[in-house]
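Read-outs throughout are calculated quantities, based only on the coordinates presented, and are distinct from any laboratory measurement. Treat the numbers as computed from the prediction; the structure is a model and nothing was measured. Glycine also receives a Cβ, built like all others from the backbone with ideal geometry; neighbour counts cover every protein chain displayed.
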Ligand code: PLP
């Protein structure tokens with residue numbers, strides 16, 4: 001079987017072997033429910049607390065500000081729905097390029113009477129801070145802007161937006177699912193009130209994440225039941241998941257400098273090759289201000305879905321935009337928001353790298369792209 005070249009790391013990542021190893025004992029050896037009062041349980045509880053400390057440290061938060069969830073989607077839902085609940089209606093500011101976990105939660109909240117302003121971006125996906133300022137109303141209780149975009153990689157000026165929110169006494173939430181451990185995050189220095197993360201984007205397991213909630217920002221439980229997560233999110237803990245998440249975060253933070261510089265080098269190598277060797281191709285998102293591993297290309301006169309199928313046949317995993325929206329018939333809302341034509345939206349391929357990819361593999365991917373794009377363009381001319 002041909003070796004797979006996995007270039008869809010924004011969709012999910014391979015769980016690191018050290019993470020799997022750290023998780024395994026929690027299935028069949030240390031399987032106690034952490035709520036028990038005997039030592040078997042209390043030892044597990046102790047390990048969860050250690051994991052929470054590791055996660056808190058990774059964003060300069062306090063341990064009691066980290067609430068374990070099932071991932072990015074739940075964290076986003078929690079932040080928005082509970083803020084709206086505690087403010088009993090009012091106004092939210094967000095952007096048109098957020099993940100569906102934010103946008104569809106906003107739509108839901110609109111049906112309950114909350115007003116929402118969806119801010120436009122420029123053609124590179126940059127949010128203009130003055131647009132946020134101009135959208136603020138007397139009843140604005142929350143601003144939610146993602147740290148970096150999952151489709152086009154553009155990084156937002158969240159610190160400046162958070163400072164404005166603080167001055168105006170408005171909560172600031174950021175979806176940092178793609179940025180966590182890839183960009184510097186310090187919730188204290190950056191004045192972030194709430195922040196969403198997900199383990200499976202950082203070589204941890206699927207189905208676990210956390211929502212950071214600055215002390216005092218929210219007090220209503222998101223899930224009612226037992227007293228887990230300080231009474232804010234009931235349900236027996238996903239112990240192995242939490243242990244694996246902390247291990248993944250610890251490794252990601254410790255190898256960050258090497259990993260990021262390697263990814264940026266590979267990313268720039270790939271971008272340069274594609275743009276110089278494939279005519280009528282373009283890079284989506286900001287050229288400089290982008291996630292270290294994100295390459296989003298659009299090709300004129302090419303059907304992206306067919307291109308992805310051809311790449312698949314050649315052992316390459318690529319995505320049309322975000323994995324989460326790959327089943328949706330409508331073109332990407334992010335590409336639409338940055339002003340791409342329907343033709344370009346449907347000619348878009350996202351390649352997201354990891355530090356283990358080699359330049360030889362990138363050369364192979366580019367050679368496949370050159371050949372496949374040529375072939376597809378020939379077909380459209382027939
Ligand atoms: N937010 C962003 C920016 C994402 O990229 C994703 C997943 O792709 C999510 C939220 C959802 O995260 P999860 O898959 O952990 O629910």
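Here are some notes:
- Gaussian network model of the chain, springs between alpha carbon atoms under 10 Å - residue of 235, 347, 216 with greatest fluctuation: 216
- Global form of region 224-382, assessed from the alpha-carbon gyration tensor, a/c cut-off 1.5: prolate
- If you run the Gaussian network model on the chain, springs between alpha carbon atoms under 10 Å, then out of 352, 236, 181 the most flexible one is 236.
- Förster-model FRET efficiency, 56 Å R0, residue 358 and residue 64, C-beta, rounded to 0.05: 0.85
- Prolate/oblate/rounded call for the chain, Cα gyration tensor, a/c under 1.5 rounded: oblate
- Area projected by the alpha carbon convex hull of region 127-266, averaged over all directions, nm²: 9.9 nm²
- Under a Gaussian network description of the chain, with springs only between Cα atoms under 10 Å, the residue in 168, 96, 206 that fluctuates furthest is 168.
- Cα-based Rg of region 137-207 normalised by 2.2 N^0.38 Å, two decimals: 1.15
- Each label was represented as a point 7 Å from its Cα along the Cα-to-Cβ direction; for residue 261 and residue 85 these points are 4.6 nm apart.
- Gain on full extension, evaluated as 0.36 nm per residue between residue 110 and residue 336 minus their Cα-Cα distance, stands at 79.2 nm.
- Long-range Cα-Cα pairs in region 19-117 (distance over 17 Å), rounded percent: 65 percent
- Overall form of region 1-65 per C-alpha gyration tensor (a/c, 1.5; a/b vs b/c): oblate
- Likely footprinting exposure, 210, 299, 222, 27, fewest C-beta neighbours within 10 Å first: 27, 222, 299, 210
- Nearest 10 degrees, 0 to 90: helix 39-57 Cα axis against the chain principal axis: 50 degrees
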